[in-house]
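Worksheet: the structure to be examined is printed underneath.
The values are calculated or read from the model by the stated rules, or taken from the named source; none is laboratory data. Everything numeric here is computed off the predicted structure, so don't read it as measured data. Here the Cβ is made from the backbone with ideal geometry for all residues, glycine too, and neighbour counts use every protein chain on show.
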């Protein structure tokens, strides 16, 4: 892939949705560059000519002259186009191919929206809406519970096949890379002072640590942790303040 021109990722590598794409780049060894797009810039041309929905990430691939947006669609494109050896994917028309796609849709329709709404009501909503915060907190725990039982391979909510290291078994795939970014900051800004994830969700926490330890992701995760730290500190302060007000 050394002859490839660098792909351009609009939106940097943080928060979770751009990070999903960056993790796929890293695992596949694809050359890429990032371009930050401010909140204001996302809502007007020229960025809305790239993504009329005014959100990041978006991708430009100069090797195929393709602009594409929506993180799930971007990941599907990268895997179909560049993972010919199925390093993080599976051959078309296999059971594994469709099962992996199922988990991508679960991430896009369940995990991402629920987590995102919780972060919104905690950090940005101008009014405090306890019922909304409670709803999305409970939904986060429900979704993590789905992952917990699946990774455990339990008879109760899993497939009964016993524990697995990754979503698709012993192989790290794009399903792990899209689900992982939304999980990594939960202990600090969702669960802190409320539950112990190591005891409530031991299989999920072990899975997170397994992905964090991958040498292929070491550089980008170190970078994203540095970028995320101010956001995490601010979120922690807001959560702590809200907890004090409830007393």
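The table below gives the values:
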| item | result |
| --- | --- |
| Residue ID - farthest from residue 81 (Cα to Cα), chosen from residues in the stretch 16-41 that are in contact with a helix residue (DSSP H, G or I) (Cβ under 9 Å, 6 or more places away or on another chain) and assigned to a loop (DSSP other than H, G, I, E, B) | 37 |
| Filter pass, residue 145 being touching a helix residue (DSSP H, G or I) at 6+ places or on another chain (Cβ under 6 Å), exposed (fewer than 15 other Cβ atoms within 10 Å of the Cβ) and over 26 Å from residue 227 (Cα atoms) | no |
| Which numbered condition residue 49 fails, given (1) more than 20 Å from the chain's Cα centre (by Cα); (2) touching a residue at least 40 places away in the same chain (Cβ under 8 Å); (3) assigned to a helix (DSSP H, G or I) | (2) |
| Condition broken by residue 198, with the remaining ones in (1) surrounded by 14 or more Cβ atoms within 10 Å (Cβ to Cβ); (2) part of a helix (DSSP H, G or I) satisfied | (1) |
| Yes/no for residue 114 being under 20 Å from the mean Cα position of the chain (by Cα), in a helix (DSSP H, G or I) and assigned by TED's automatic domain parsing to the domain that holds residue 242 | yes |
